[in-house]
Amino acid sequence: MSFNRYKDIIEEGDTVILYINPQAMYAIQVQSIIENRKGEKVENVMQTKYGALKISSLFGKQFGSKVNLSHGWAYVLYPTPELWTQTLPHRTQIIYTPDISLIMFMLELKPGSIVVESGTGSGSLTHSMAFRVQPTGHIYTYDFHEQRADQAQKEFKSHGLSDIVTSQCRDVCQNGFCDKVSGKADAVFLDLPHPHLVIPFAIKALKPSGGGRICTFSPCIEQVIRTCQALQDHGFVHLKTVECLEKEYQVLNRTVTTFASASRPPPVATGPQNAIEPEREDKKFVACVPSTSPRGHTGYLTTATYPVENQPPQMVKIEIKCE
Amino acid sequence: MTATNLKNIITQGNYLIINKNETYLIHQVSNKATLKLGRDVIDLKASIGQPYSSTFKLEPIPEKKRHYTLVICNDNQARNQWATNGCGTDNKLITDDSSSQLLSTDEIIALKESGETGQNIVERLLENSKTFQLKTEYAQEKYLKKKARKYCDFLTIFKPTIRLVTDVLYKQQTIPKTIPIRFDTLAQILCRVNLDPGGKYLLYENGSQGLLQASLLNQLHDDGCLIHIFSSTAEQNALRAVKAMNFSESKMKQMLTVSLYEILNKRNELDIKEEKDEDDVPICSEDKKRKSDEAYIQVKKKHRSITSMDGLNFLKSNKFDGLIVVCREEPTEIVKTFLPYLSLSRPFVVYSAYREILVSLYAEFKTRRDVVFLRLTDSFMRYHQVLPSRTHPDVTMDNGGGYLFSGLFVEGTK
Ligand SMILES: C[S@@+](CC[C@H](N)C(=O)[O-])C[C@H]1O[C@@H](n2cnc3c(N)ncnc32)[C@H](O)[C@@H]1O
């Protein structure tokens, strides 16, 4: 199926997100028949907390429909990059949506942008970027881990992203990016342990006309310090390092005992069993409660711009006259 | 020279982002091409025809107090740099009295008005400082940074991008008159609504100076479409951000504008009309055409939105891929009105500067059967100073990111 265009009706081979609640979401491949451990072809039935779901029952349903489980219900949702990030199979640490949104914003991605990324990891960020730059843009993504690069490549293909994403196995710290991207990129993104070693290669990849953007994601401040030093040494400007954590709130109906109830005389312990308890006056209210253990750190995002290269000022003017 | 190259050239009539040290501003190059910056008057003519992201040196015009022309200077090495001559190891010898600078304020102003470059003025300030040599290396760096802010001889001209426009506007907006949208909040909105470049989006915006329209348009490919629903209480300068982006005419036509009033009042009228007699349509189609062109012209000339009939019809006959509500008014009814215009499994996102507003919206939506994945969030965002041996979070934070409420529209229970 195609991850890059909304579709309405679920068909064999699609990926759907089974939504039970925000803590229970699963990406499922819509395949009516699968092989069991013994290699026999059997009907595909998924087990959930609320009972079984026969996958073939999803055919022809609209994305966004409610489906019945044997002991409850769920919704089948279209796999947006955000939902994919929440449900994808982890092969590495991944970048989550709050950071992804900032990365794409600070790299100024839009349809047509050419992006160079390393490492690919689990492809969480790659999926989001591909969605954002389509249909005319392209993501070139590199990972030095052969199996991971391979798996990612297969995933992009099965998600219909082959026209937008090129994935390759390559050690970018040693060998830089492919020659075919030289001078083509609008943006470079790095999420690997030694981003500072890749800065010179990033310059080669960025468009020579200047104004190209770079962003690095590093969990540790030591990496950030080395990266900033390297960026400065190589002439990048407008360095910014930022961290951003999303805080989520629950909205709940709650009640509290009032002052009046609390200040009543205590009930007499020796009284008759069926003495009528004075009615309690509780106050009902809507509470806004922050999550109890939110993520306290993900990574620092460092961004910078590659300035326009030195060029004799007249050159450009003459060219305009030729127009 | 190709068209794409031309797009990267500073052109008369275009909006630019002008950056001088730490100030950024949006500026349209007029015929006269002058820019007032504080008490300085800068002639921008020399920048026209140069590529964006170029840096220029300010050359004082002799005989004209505080007037400058630009000379292109993309050589990074030529930027303001001041030689220091040794430094102290700590600040124990430095006593804080106002006599450390030997030049008087009047003398400094006179220097500036005589057409002296910032480079030379700071050099004179350093020569005449009793304490500069005693300061530690770090303190000297800080001092020079402060002086550079005031006496910088260079400015850079950028092509407006959503990132730059967002930052400029954010600093200028104040609640409750207008709404300052911080860059990370805008970034989240674009992700929450799962922006598909070829999608159809419904936006209710009032108070962001057009930042939402501009960023959605910027993210749309040629086949994408945006309906902007506007309120009758729209602000002054409601399309500032849209204008700042120098969008092409065809890009602007991807946005149709419709007033909330007309949707609510004409919706029924149109339905009835269509049912009663179809002949009515051809008569007003000429009118429709005129009106939709008018909408575009209005945006360009009057900077004010008017309802286009195309927009109204489009709204009536389409299902949308996302709903965004960013406004000063109470959003509950707005969200409830437009939610049914979404296709299933599509997101909506609502911004408010006030958490209370979204809490009550959330409480109400929890009882609905046709929305899932409800989330109320804000963000903790801070910058870090990264310098050798002096890396730490910035000492002040910005708490103005506001709140977002979002969810997905799904099949309601029958
Ligand atoms: C944390 S993961 C990236 C996760 C990814 N951003 C995502 O959102 O799914 C880091 C990846 O960088 C790869 N990597 C590390 N060093 C590399 C190098 N020198 N060249 C290419 N890839 C490298 C690792 O194999 C790993 O898969």
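The values are calculated or read from the model by the stated rules, or taken from the named source; none is laboratory data. Worth saying up front: this structure is predicted, and the values here are computed from it rather than measured. Heads up, the Cβs are rebuilt from the backbone with ideal geometry, glycines too, and the neighbour counts pull from every protein chain shown. Areas reflect the complete protein model, heavy atoms only, side chains present, ligands, DNA and RNA absent. Shrake-Rupley method; radii C 1.70, N 1.55, O 1.52, S 1.80 Å.
What the table shows:
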{"read-out": "Residue satisfying condition, being within 20 Å of the chain's Cα centre (by Cα) and more than 14 Å from chain A (Cβ to nearest Cβ), within set B:T136, B:T161, B:T174", "value": "B:T174"}
{"read-out": "Residue tally, condition open to solvent by less than 10 Å² (accessible area, probe 1.4 Å), assigned to a loop (DSSP other than H, G, I, E, B) and over 28 Å from A:F3 (Cα atoms), over the stretch B:190-212", "value": "3"}
{"read-out": "In the stretch B:315-336, the residues that are farther than 23 Å from A:Y78 by Cα, surrounded by 15 or more Cβ atoms within 10 Å (Cβ to Cβ) and at pLDDT 95 or above", "value": "B:V326, B:P331, B:T332, B:I334"}
{"read-out": "The one condition in (1) surrounded by 16 or more Cβ atoms within 10 Å (Cβ to Cβ); (2) part of a strand (DSSP E or B) that A:L197 fails to fulfil", "value": "(2)"}
{"read-out": "Matching strands (runs of 3 or more DSSP E) fully within the stretch B:26-123 where at least 1 residues are over 24 Å from the mean Cα position of the chain (by Cα)", "value": "B:40-43, B:54-60, B:67-72"}
{"read-out": "Qualifying residue in the stretch A:235-252 (condition: touching a residue at least 40 places away in the same chain (Cβ under 8 Å), surrounded by fewer than 22 Cβ atoms within 10 Å (Cβ to Cβ) and not in a strand (DSSP E or B))", "value": "yes"}
{"read-out": "Selection count where residues are more than 10 Å from chain B (Cβ to nearest Cβ) and either crowded, with 23+ Cβ neighbours inside 10 Å or over 8 Å from the mean Cα position of the chain (by Cα) (or both), scope the stretch A:78-94", "value": "7"}
{"read-out": "Selected residue (criterion: farthest from the ligand (Cβ to nearest atom)) from residues of the stretch A:168-185 that are open to solvent by 10 Å² or more (accessible area, probe 1.4 Å) and either in contact (Cβ under 8 Å) with a residue 60 or more places away in the chain or of a type in the set (G, A, S) (or both)", "value": "A:G183"}
{"read-out": "Residue within the stretch A:25-39 that is in a loop (DSSP other than H, G, I, E, B) and under 29 Å from A:E248 (Cβ atoms) present", "value": "no"}
